[in-house]
Amino acid sequence: MEYLESPKRCERLAQKKSRIMGLAYEKIVQRVAQALKDIAKNVGETLTAAELNAAMYGDRGVLTEAVEYGRLHSAN
């Protein structure tokens, strides 16, 4: 016999997992931004907010590529 969770409990668990994943995503975004700033600093260049945003979320941005990679490989 299978135990079924109540709909309210499932909803609460889903909200909790979503909150946890949101916090984890924010940490990832902060670390990627810091890494890009550190790379620019080591090269001797300054990185403006627009350039940082493009490097992270642009067409060939780090996070954009990571999302596409995840979509591609989660389908398999």
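Here, each number is a calculation from the coordinates, and none is a lab measurement. Treat the numbers as computed from the prediction; the structure is a model and nothing was measured. A quick note on method: Cβ atoms are made from the backbone with ideal geometry, for glycine too, and the neighbour counts reach across all protein chains shown.
Data overview
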{"item": "Check on Leu47, farther than 28 Å from Val62 by Cα, among the aliphatic types (A, V, I, L, M), surrounded by 10 or more Cβ atoms within 10 Å (Cβ to Cβ) and without any contact (Cβ under 8 Å) to a residue 24 or more places away in the chain", "result": "no"}
{"item": "Residue pairs meeting the criteria (Cβ under 8 Å; at least 6 apart or on separate chains; first surrounded by 12 or more Cβ atoms within 10 Å (Cβ to Cβ), in the range 59-70; second among the hydroxyl-bearing types (Ser, Thr, Tyr))", "result": "Leu63/Tyr57; Thr64/Tyr57"}
{"item": "Matching residues, the range 10-42, being basic (Lys, Arg) and surrounded by 11 or more Cβ atoms within 10 Å (Cβ to Cβ)", "result": "Arg12, Lys37, Lys41"}
{"item": "The lone exception for Glu5 - which of (1) part of a helix (DSSP H, G or I); (2) surrounded by 10 or more Cβ atoms within 10 Å (Cβ to Cβ) it fails", "result": "(1)"}
